[in-house]
Amino acid sequence: ESVINRIAAGEVIQRPVSAVKELIENSLDAHSTSITVVVKDGGLKLIQISDDGHGIRHQDLPILCERHTTSKLSAFEDLQSIRSMGFRGEALASMTYVAHVTVTTITSGQLHGYRAQYKDGAMEGEARACAAVKGTQVVVENLFYNMSARRKTLEKSGDDYAKIVDLMSRFAVHHVKVSFVCRKHGVARADVQSIATSCRLDAIRSVYGVNVAKNLMRIEASGDGSCAFEMEGFVSNSNYSTKKITVVLFINDRLVECGALKRAIEIVYAATLPKASKPFVYMSIVLPPEDVDVNVHPTKREVCLLNQEGIVDRIQSVIESKLRNSDV
Ligand code: ADP
Ligand code: MG
């Protein structure tokens, strides 16, 4: 049974960066305003995330890492209307099957916090009282220690640290009111350091640098009837990267990928502004939740949209007219 659990866990948590994504989403779900991630050896040795969210109640600690335990889904109907990011209660459980996990947390009004350790889907011993500041700290150590093939592949494929920095940069641009810090263990200088702001351009500037923000133009689009959506974002009219297009996409406040939309954007740039074929694009789309299928893959990254064609067409034409009017 433990082998099966481990294999299933390895599907949910494929690499260090997928663990970090799940942990950040948990911190955001807990209404944190400040999230700090410290990484050692690309996350294989250590991922430490600290937030200032609402914390976890003492009585919930023993079941925290049982599969399908979630505080975010009370009834099946909720599946249709769910807006919070995680709803399957699998991320933390999965991590405990493939790593050593320690949770330190304090809820508001408590004098002290609790620390609990987890392994193989269960809490080890009792939660111990300890000093704690507001929020939750999750420490994930020795990821894939019991999956030697996976560990070797990851060690060979090189560090996930750059991927983690990229991931946190994306979150920082969307969740502008939350301050994000990401750094390597033992290094004081942060590689992502966003200051909470209410201005999206400031956030983009602080994360991606002043040069990208200089050439950004605001875009907006919406649809109605059977193709209801609202979109707002920024597109650049110059190259941001030398290698590839950067599309930071959030749908209903979830960081996702949508291959069809990305290709459509590439096509618009190639047709309208070919000299800027590696631009920076940020886009936030809000849709009726029942129009998004997020469960196409266990890692929950690639989404399918109902009415995808209509939405993509609409966005394409908005970007096209923006680029036509902006050639400099
Ligand atoms: P899910 O997010 O799908 O509910 P997870 O396995 O990611 O499942 O987390 C399990 C539960 O642990 C969450 O539902 C939440 O109640 C609690 N939790 C995890 N991380 C945090 C955190 N940083 N702050 C507060 N609660 C948390
Ligand atoms: Mg979660």
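Just so you know, all these numbers are worked out from the coordinates, no wet-lab data involved. Computed from a predicted structure; not experimentally measured. Neighbour counts run over all protein chains shown; Cβ positions are idealised from the backbone, glycine included.
For 153, 105, 136, which order do you get if you count the other beta carbons within 10 Å of each Cβ and list the fewest first?
By the 10 Å Cβ count, ascending, the order reads 153, 136, 105.
Out of the range 152-246, which GluC sites (Glu not before Pro) are coil in DSSP terms and have no more than 10 other C-beta atoms within 10 Å?
Loop-located and lightly packed - none at all.
Counting only helical runs of four or more DSSP H residues, what would the 222 nm mean residue ellipticity of the chain come to if each run contributes -39,500 (n - 2.57) and the total is spread over all its residues?
On the way: 10 runs with 106 residues, N = 328.
Theoretical 222 nm ellipticity from helices: -9500 deg cm²/dmol.
Once you have a ≥ b ≥ c as the square roots of the Cα gyration tensor eigenvalues for the range 177-301, tell me rounded if a/c is under 1.5, and otherwise prolate or oblate according to whether a/b is larger than b/c.
Because a/c hits 1.5 or more and a/b fails to exceed b/c, the range 177-301 counts as oblate.
³J(HN,Hα) across the range 39-55 via Karplus (A = 6.51, B = -1.76, C = 1.60, θ = phi - 60°), whole Hz, x for Gly/Pro?
10, 10, 6, x, x, 6, 7, 8, 10, 10, 10, 10, 10, 10, x, 6, x
Out of the trypsin sites (Lys or Arg not before Pro) in the range 139-228, which ones are loop residues according to DSSP with at most 13 other C-beta atoms within 10 Å?
Filter output for the range 139-228: 177, 189.
Between residue 124 and residues 5 or more places away or on another chain, which pairs have amide H atoms under 5 Å apart, with H built 1.01 Å from N, and which residues are they?
Residues meeting the criterion, in which the H sits 1.01 Å from N, are 117, 118, 119.
Using the alpha carbons of the range 103-228, what is the convex hull volume per residue in cubic angstrom, as a whole number?
247
In debye, nearest 20, what is the charge dipole magnitude of the chain about its Cα centre with +1 on Lys and Arg Cβ and -1 on Asp and Glu Cβ, if you could check?
Taking the Cα centre of the chain as origin, the dipole is about 1320 debye.
Based on a Kirkwood Rh over C-alpha pairs, give the Stokes-Einstein translational diffusion coefficient of the chain at 25 °C and viscosity 0.890 mPa s in µm²/s.
D = 117 µm²/s.
What list of ³J(HN,Hα) values in whole Hz, one per residue of the range 241-256 in order, does the Karplus curve 6.51 cos²θ - 1.76 cosθ + 1.60 (θ = phi - 60°) give from phi, with Gly and Pro shown as x?
Karplus-based 3J(HN,Hα) across the range 241-256 equals 10, 8, 9, 8, 5, 10, 10, 9, 10, 10, 10, 6, 6, 10, 6, 9 Hz.
Long-range amide H contacts for residue 196: which residues qualify at under 5 Å (H placed 1.01 Å from N, peptide plane, sequence gap of 5 or more or a different chain)?
For residue 196, whose amide H was placed from the backbone, the distant partners under 5 Å are 179.
If I take every Cα pair under 8 Å that is 6 or more residues apart in the range 227-282, average their sequence separation and divide by the length, what percent do I get for the relative contact order?
Numbers: 66 pairs, mean separation 32.0, N = 56.
Taking the mean separation of contacting Cα pairs over the length of the range 227-282, I get 57 percent.
Listing 118, 145 from the residue with the fewest other Cβ atoms within 10 Å to the one with the most, what is the order?
145, 118
Could you list 229, 234 so that the one with the fewest beta carbons within 10 Å of its beta carbon is first and the one with the most is last? Provide the component values of the computation, followed by the final result.
Working: 229 20, 234 23.
Fewest-to-most Cβ neighbours within 10 Å comes out as 229, 234.
Amide H neighbours of residue 238 under 5 Å, counting only residues 5+ apart in sequence or on other chains, H built in-plane at 1.01 Å?
When sequence neighbours closer than 5 places are left aside, the close amide H contacts are 280.
May I ask you to derive the relative contact order of the chain, considering only C-alpha pairs under 8 Å and at least 6 residues apart, and to give it as an integer percent?
15
Step through the residues of the range 114-131 one at a time and calculate ³J(HN,Hα) from phi using the Karplus curve (6.51 cos²θ - 1.76 cosθ + 1.60, θ = phi - 60°), rounding each to whole Hz and writing x for Gly and Pro.
Karplus-based 3J(HN,Hα) across the range 114-131 equals 9, 10, 9, 10, 10, 8, 6, x, 9, 6, 8, x, 9, 6, 9, 5, 7, 6 Hz.
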